[in-house]
Amino acid sequence: MKSRIPCQGRGMVGRAIVTIITLARRGPALAVWLVLCALVLSVSASAKKATITTFDALGAGTAAGQGTLALAINPAGVIAGFYVDASNVSHGYVRARDGAITTFDAPGAGTGASQGTRPLSINPEGAIAGDYHDGSNAIHGFLRAPDGTITTFDVAGAGTGAGQGTAAEDINPAGAIAGTYEDASSACHGFLRAPDGTITTFDAPGAGTGAFQGTMVFTVDNLNPAGAIAGVSLDASNVYHGFLRAPDSAITTFDAPGAGTGAFQGTLSDGIDQAGTIEGVYADASNVAHGFLRAPDGTITTFDVPGAGTGAGAPGCISTLTCQGAVPENINAPGAVTGEYVDASGVNHGFLRAKDGSFVTFDAPGAGSGSGQGTIPVCNNPVNSITGYYIDASGVDHGFLRTP
């Protein structure tokens with residue numbers, strides 16, 4: 001899609017140049033004027049401006065911490081996410097390419113505050129994976145088929161206490177689902193659910209076994225079409241490390257250069273593309289966030305976004321996404337990365353990093369400009385349509401779609 005724009009530009013500019021050559025004999029002033037026109041035409045043809053559309057699900061609450069969160073977009077432009085209503089209950093939704101929104105709840109989802117349904121990922125066919133919190137605040141996974149049928153599931157060994165259970169985080173084109181389950185001791189473990197429903201569990205080498213330590217798979221794009229999984233382990237000293245679980249089940253751990261080694265510092269893998277390139281974020285010794293890319297050969301490139309803050313954050317800010325700096329969220333098939341950066345005032349802004357390392361930054365209209373507010377892109381599809389949410393000046397969440 002992007003490659004067609006320059007071709008069209010060359011065609012129009014080429015015709016203008018032929019006209020210039022033909023008419024230049026009529027006078028140098030006319031020729032200069034036509035050259036300027038051709039330059040304007042060239043710029044306008046190649047600098048197509050992105051469009052940002054904002055939206056809210058019907059029933060979304062309007063108080064701080066409520067509203068609409070867009071979390072995943074597939075190649076067709078269909079968006080999945082959830083909204084939080086006026087009673088602080090979460091509900092799932094699907095937004096079609098034409099903007100029509102369908103809402104849904106997983107069977108068994110609780111109806112109390114902080115309970116409900118949370119879709120987290122959507123594949124090319126429109127199948128959605130996510131989790132729901134029941135009336136006892138235990139967590140369960142679900143798969144919503146393209147026809148709307150919902151299947152719920154739990155990993156054997158998942159705890160049943162409040163905050164424990166099974167979180168389905170990502171679904172790939174084949175319908176395999178990766179995620180995290182928390183056991184009865186609140187330790188975390190990874191799992192992979194095959195399309196036939198068979199579940200395999202795993203732990204990264206060196207992962208801690210204490211409460212809230214262990215092996216974690218995050219949302220949206222941590223399971224690629226080949227079955228490779230990118231994730232995070234939290235060790236016994238509460239330091240984060242990235243890992244790659246290959247399709248053959250072999251697990252490799254790694255750390256970004258410059259990652260801190262203090263409690264709740266370190267390396268968090270946040271996505272993997274079709275080629276096996278992993279994107280993520282690391283917190284340095286001052287709790288400043290930086291982006292990284294890990295190539296399939298293991299080479300790691302770090303990066304910062306222009307305008308990102310460099311102030312020291314509070315311990316653990318990387319896990320609460322409040323560090324200043326760059327916070328990549330997703331990598332698409334062509335290798336472009338989207339996410340947010342947090343400036344020196346604590347405000348979030350969106351960015352898109354092309355494979356060549358160039359950046360475009362943006363803000364959703366209506367995004368707040370106070371600390372903790374702003375624009376938070378979460379997912380970009382293969383043509384760099386980006387979805388996410390923004391937090392307004394009242395602390396309310398709203399969905400957005402940025403199209404190239």
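Here are some notes:
- Note on segment 374-404: residues that are in a loop (DSSP other than H, G, I, E, B) and under 18 Å from the mean Cα position of the chain (by Cα) amount to 6.
- Within segment 352-373, the presence of a residue that is part of a strand (DSSP E or B) and among the acidic types (Asp, Glu) is excluded.
- Scanning segment 309-348 for residues that are among the β-branched types (Val, Ile, Thr) and touching a residue at least 24 places away in the same chain (Cβ under 8 Å) yields THR310, ILE318, THR322, VAL327, ILE331, VAL337, THR338, VAL342, VAL347.
- Matching residues in segment 104-129 - criterion: being on the phi > 0 side of the Ramachandran plot and in contact (Cβ under 8 Å) with a residue 40 or more places away in the chain: GLY108, GLY126
- Once segment 148-207 is narrowed to residues that are of a type in the set (Phe, Trp, Tyr) and without any contact (Cβ under 8 Å) to a residue 40 or more places away in the chain, the residue that is farthest from ALA333 (Cα to Cα) is TYR181.
- Close pairs (9 angstrom Cβ cut-off, 6 or more residues apart or separate chains): closer than 24 Å to PHE191 by Cα in segment 243-268, of a type in the set (S, T, N, Q) and modelled with pLDDT under 95 anywhere: PHE264/SER319; LEU268/SER319
- Wholly within segment 287-334, strands (runs of 3 or more DSSP E) carrying at least 3 residues that are in the same structural domain as VAL383 (by TED's automatic domain parsing) and surrounded by 24 or more Cβ atoms within 10 Å (Cβ to Cβ): 289-294, 325-331
- Scanning segment 145-188 for residues that are outside any strand (DSSP E or B) and within 24 Å of the chain's Cα centre (by Cα) yields ALA145, PRO146, GLY148, GLY163, GLN164, ASN172, PRO173, ALA174, GLY175, ALA176.
- Single residue of ALA167, ALA176 found to be touching a Gly at 6+ places or on another chain (Cβ under 6 Å), among the small types (Gly, Ala, Ser) and modelled with pLDDT of 95 or more: ALA167
Every residue, every condition in (1) of a type in the set (Val, Ile, Thr); (2) in the same structural domain as VAL94 (by TED's automatic domain parsing); (3) surrounded by 18 or more Cβ atoms within 10 Å (Cβ to Cβ), yes or no:
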{"site": "ALA162", "(1), (2), (3)": "no, yes, no"}
{"site": "ALA167", "(1), (2), (3)": "no, yes, yes"}
{"site": "THR180", "(1), (2), (3)": "yes, yes, yes"}
{"site": "CYS188", "(1), (2), (3)": "no, yes, yes"}
{"site": "ASP203", "(1), (2), (3)": "no, yes, no"}
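- Criterion applied to ILE391, ILE386 was being β-branched (Val, Ile, Thr), buried (at least 17 other Cβ atoms within 10 Å of the Cβ) and closer than 22 Å to GLY280 by Cα, and the one residue passing it is ILE386.
- Within segment 228-245, if we keep just the residues that are among the hydrophobic types (A, V, I, L, M, F, W, C) and over 19 Å from ASN330 (Cα atoms), the residue that is surrounded by the most Cβ atoms within 10 Å (Cβ to Cβ) turns out to be LEU234.
- Answer residue from segment 205-223, given it is out of contact with any Gly (no Cβ under 7 Å at 6 or more places or on another chain) and modelled with pLDDT of 95 or more and is surrounded by the most Cβ atoms within 10 Å (Cβ to Cβ) among those: LEU223
- Once segment 356-382 is narrowed to residues that are among the polar types (S, T, N, Q) and either at pLDDT below 95 or farther than 24 Å from GLY335 by Cβ (or both), the residue that is surrounded by the most Cβ atoms within 10 Å (Cβ to Cβ) is GLN373.
- Within segment 130-144, the set of residues being in a loop (DSSP other than H, G, I, E, B) and on the phi < 0 side of the Ramachandran plot comprises ASP134, GLY135, SER136, ALA138.
The values are calculated or read from the model by the stated rules, or taken from the named source; none is laboratory data. Keep in mind that what you see is a predicted model, and the values were worked out from it rather than measured. Cβ: placed from backbone, ideal geometry, glycine included. Neighbour counts: every protein chain shown.
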